[in-house]
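The values are calculated or read from the model by the stated rules, or taken from the named source; none is laboratory data. Computed from a predicted model, the values in this text were never measured in an experiment. When we count neighbours, we look across all protein chains shown, and the Cβ atoms used for this are built from the backbone with ideal geometry, even at glycine. Ligands, DNA and RNA are stripped out before the accessible areas are found, and what is left, the full protein with its side chains, is counted by its heavy atoms. Shrake-Rupley method; radii C 1.70, N 1.55, O 1.52, S 1.80 Å.
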Amino acid sequence: MLLLRALLRRRRRAPLPAAGFFTSSGCDALAPPPPPPPSLPRAPPAAEAPRDEPGQQDSLARRVERAASVCAAMRGWMADGRAVHRGHVFHAVNRLRRHRLHRTALQVMEWIIRERPYKLSELDYSYLLEFTAKVHGISEAESLFLRVPQEYQKELLYNNLVMAALDLGLIKHSYAYMRKMRELSLPISPYVYNRMIILHSSPGRRKTISKILSQMKADRVTPHTSTYNILLKIQANEHNIDGVARVFNDMKKAKIEPNEITYGILAIAHAVARLYTVCQTYVEAIENSMTGTNWSTLEILLILYGYLGKEKELKRTWEIMQGLPHIRSKSFILAIEAFGKVGSIDQAEKLWANINSTKKLSLTEQFNSILSVYCRHGVVDKATAVFKEMRASGCEPNAITYRHLALGCLKSGLVKEALDTMDMGKKEVVTKKVRSSTPWLETTHMLLENFAEIGDLENAKRVYGELSESKYCRNSFVYNTLLKAYVKAKVYEPDLLRTMILRGAMPDAETYSLLRLIEQFKI
């Protein structure tokens, strides 16, 4: 805290010689914190210096990643007659950040500060501060701040110091820095508030978010599009469609322009809630707002076209992705699942064969993707073969694997085998994260649908009990599926409507229609 007090007193220090400026990059790294949302300015204007393109094979970024050391990479770069420009460095740092190579990024910035290949700016020191905090902790970052030349101790450096404290969960430190910023009349970045909202997004701390937004308003900080995206995502994760609509309306009232990410969150939230007409509207908004071939947006479209059953658009999107320099393993997984949803098993199998021949199958999620396709359509023999291949490869099945297999058995009329498989899945650790994941929830709901179709009320109630532990049951169609099981089993239950409302689901026309049918079985 002595360093913190010294910082907040704003004592003037003379710049130290370069030789004594650095901390060691050789100590053990701290456990990396969760990746922050887009932070402060990441790159200089395009006209300021030439930059490597992200896909360029011989970029400085790739050299730094491949070289034995940062110094060796820089020497090799300059030995080829190339100058080290600001744009090259910032592209390298951003790439290293994405790959969570924080120590290497710190070494790059230490080299820049020491060798000074161009005129240093506040952004250079802010990067140095960011990675010092990530590698060595907040105490080293505070010490470094005090040694940065006074002319650079401005808005950007202070904001990065606040972000560094928040990334490490040191909320009291961040509040102290923010108080000092207000005293110095330095503007606080909206990304600082974004990080604070994320830190308070767990159910037990969510009430604090309204206070954070009030403070943001008091500080006259205009929310960024990403601020509303975070708020939308929180509501979407809670399966609160009304909350999603409320946040989006607030965004429009504030005249904040939505982007591709905004529309993606809205579209997926409505797709999961089976509100496909509204979802289609937001999909069109994504298509109209797309800028270039952003792989993350293309992945969102893969998911959405799968939900909407748009096989033609799905194929077109996948063809675009095949033209990109690199396709992530995650993209293959999403594409396989999407083709399974539209019923194109052949296409899903082609993609699976592609992965099998070109990539090492090392992830349970990879096997789960093709299992989801086969089991969704009751192709048990092929699902069994994949499961055997999975075990032979050394990949361990998880709770979602067994859930898929149980669904496949049930789709094929193998009820006993389905129940046995569900019991096997119980032996796996089912974390809260798994229970709230979309694959778990949707596959479990499909199990509920199949038990309802055959009138197996006991097992339908058992599966619904698992779903009721999540907010997924806020969607009325989930409870309506349970009501269908009562109709098929010809069983009357007086408190069904009351139970539905208490669980946070709103009855719809289908609910009341099903309840009238159940009334027939009243003795």
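Things worth noting here:
- The range 495-523-the range 363-403 distance, computed between alpha-carbon centres (Å): 37
- From helices alone, the chain scores -20500 deg cm²/dmol at 222 nm; the rule is -39500 (n - 2.57) for each run of n ≥ 4 DSSP H residues, then divide by the residue total.
- Separation of alpha-carbon centers, the range 127-178 and the range 304-324, rounded to whole Å: 43
- Spatially proximal aspartates and glutamates relative to Lys388 (Cα-Cα < 16 Å; intrachain offsets below 8 disregarded): Glu365, Glu396
- Surface composition of the range 395-499: carbon and sulfur atoms hold 51% of the protein heavy-atom accessible area at a 1.4 Å probe.
- Nitroxide proxy distance, nm - points 7 Å out along Cα→Cβ at Asp423 and Lys172: 5.3
- Within a straight-line Cα-Cα reach of under 20 Å, Lys310 can be paired with the following aspartates and glutamates, leaving aside sequence neighbours fewer than 8 residues apart in one chain: Glu260, Glu284, Glu287, Glu299, Glu319, Glu337, Asp346, Glu349, Glu442.
- About its Cα centre, the chain has a charge dipole of approximately 1740 debye under the convention of +1 per Lys or Arg Cβ and -1 per Asp or Glu Cβ, with nothing else charged.
- Principal-axis tilt of helix 509-519 within the chain, Cα atoms, nearest 10 degrees: 40
- Per residue, the accessible area of the range 217-284 comes to 51 Å² when a 1.4 Å probe rolls over the protein heavy atoms.
- Computed from Cα atoms, the angle from the helix 171-183 axis to the main principal axis of the chain rounds to 50 degrees.
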